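Chemist: Sharing a structure below in structure tokens format, with a few things to ask.
The values are calculated or read from the model by the stated rules, or taken from the named source; none is laboratory data. The structure presented is a predicted model; accordingly, all values stated were derived computationally and were not measured. Ideal geometry is used to build each Cβ from the backbone, glycine not excepted, and the neighbour counts take in all protein chains shown.
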């Protein structure tokens with residue numbers, strides 16, 4: 001299991017220190033939730049902040065654009081050195097084109113599904129993406145209750161990936177904690193986004209270690 005803590009849950013009064021803790025931890029990536037107040041009912045941070053984050057972070061950047069017309073920002077995300085650029089299925093009209101624009105910009109293309117969007121919509125695109133993010137809460141705010149149907153959705157997505165020969169990884173965002181994490185991995189998830197479970201903990205480094213460890217207990 002790969003762990004991608006969400007910067008959205010960090011203490012922004014000490015952003016440099018919070019990123020230093022991530023660098024020290026066993027986390028595999030840093031998840032960056034970019035919100036515009038249009039596609040989702042909240043605003044997070046933009047590229048002036050992200051440029052400083054990219055300079056400080058020693059882990060790959062997992063950039064999740066919860067915005068309308070994300071294709072307009074492919075050059076800016078690429079300039080950060082992002083590993084994944086993740087766009088919402090619900091926010092993009094010409095998804096195939098945008099996926100290939102992301103790849104041509106040197107990043108790994110990923111697509112996100114909201115809780116109410118079925119996995120079946122990815123049938124014609126699943127071979128072209130490197131990751132699929134399933135939202136296990138409604139996007140826009142941290143700290144929401146985990147949607148239990150997500151376990152079924154992960155299994156459905158895993159089946160689609162296996163049936164099509166896709167190499168896409170499955171990422172989960174929302175309500176990931178010590179209880180839900182091992183069940184998500186058991187269902188077929190590869191990457192877990194954790195906000196408050198890591199950055200809300202008293203010891204960020206230990207929380208990242210414990211979350212990864214609990215997913216390996218039955219392996």
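Residues checked against (1) modelled with pLDDT of 95 or more; (2) farther than 16 Å from residue 84 by Cα; (3) touching a helix residue (DSSP H, G or I) at 6+ places or on another chain (Cβ under 9 Å):
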site	(1), (2), (3)
99	yes, no, yes
118	yes, yes, yes
124	yes, yes, yes
131	yes, no, no
134	yes, no, yes
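Chemist: Mind checking whether some residue in region 166-182 is more than 19 Å from residue 33 (Cβ to Cβ) and in contact with a strand residue (DSSP E or B) (Cβ under 7 Å, 6 or more places away or on another chain)? Give the derivation first.
Modeler: Keep residues of region 166-182 that are more than 19 Å from residue 33 (Cβ to Cβ), which gives 166-168, 178-179, 182.
Pick out the ones that are also in contact with a strand residue (DSSP E or B) (Cβ under 7 Å, 6 or more places away or on another chain) and you get 168.
Taking every residue of region 166-182 in turn, at least one turns out to be more than 19 Å from residue 33 (Cβ to Cβ) and in contact with a strand residue (DSSP E or B) (Cβ under 7 Å, 6 or more places away or on another chain).
Chemist: In addition: From 39, 73, which residue is assigned to a loop (DSSP other than H, G, I, E, B) and either in contact (Cβ under 8 Å) with a residue 24 or more places away in the chain or surrounded by 14 or more Cβ atoms within 10 Å (Cβ to Cβ) (or both)?
Modeler: 39 is the lone residue from the list that is assigned to a loop (DSSP other than H, G, I, E, B) and either in contact (Cβ under 8 Å) with a residue 24 or more places away in the chain or surrounded by 14 or more Cβ atoms within 10 Å (Cβ to Cβ) (or both).
Chemist: Please specify each residue of region 57-67 satisfying the condition of being surrounded by 15 or more Cβ atoms within 10 Å (Cβ to Cβ) and not in a strand (DSSP E or B).
Modeler: Matches in region 57-67: 57, 59, 60, 67.
Residues are listed down the side, and each one gets a yes or a no for (1) under 20 Å from residue 72 (Cα atoms); (2) under 17 Å from the mean Cα position of the chain (by Cα):
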site: 18; (1), (2): no, no
site: 22; (1), (2): no, yes
site: 28; (1), (2): no, yes
site: 34; (1), (2): yes, yes
site: 44; (1), (2): yes, yes
site: 50; (1), (2): yes, yes
site: 55; (1), (2): no, no
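Chemist: Scan region 76-112 residue by residue and report those that are in a helix (DSSP H, G or I) and surrounded by 21 or more Cβ atoms within 10 Å (Cβ to Cβ). Outline the logic, then answer.
Modeler: Keep residues of region 76-112 that are in a helix (DSSP H, G or I), which gives 76-79, 89-91, 95-104.
Within region 76-112, 77, 91, 95, 99, 102 qualify.
Chemist: Oh, and also: For region 2-15, does any single residue satisfy the condition of being in contact with a helix residue (DSSP H, G or I) (Cβ under 6 Å, 6 or more places away or on another chain), in a strand (DSSP E or B) and within 18 Å of residue 208 (Cα to Cα)?
Modeler: yes
Chemist: Continuing with this model, one more query. Within region 149-199, which helices (runs of 4 or more DSSP H) (wholly inside it) include 3 or more residues that are in contact with a helix residue (DSSP H, G or I) (Cβ under 8 Å, 6 or more places away or on another chain), closer than 12 Å to residue 119 by Cβ and in contact (Cβ under 8 Å) with a residue 24 or more places away in the chain?
Modeler: In region 149-199, the matching helices (runs of 4 or more DSSP H) lie at 150-164.
Chemist: Please pick out the residue among 120, 116 that is assigned to a loop (DSSP other than H, G, I, E, B) and either surrounded by fewer than 17 Cβ atoms within 10 Å (Cβ to Cβ) or in contact (Cβ under 8 Å) with a residue 60 or more places away in the chain (or both).
Modeler: From the options 120, 116, the qualifying one is 116.
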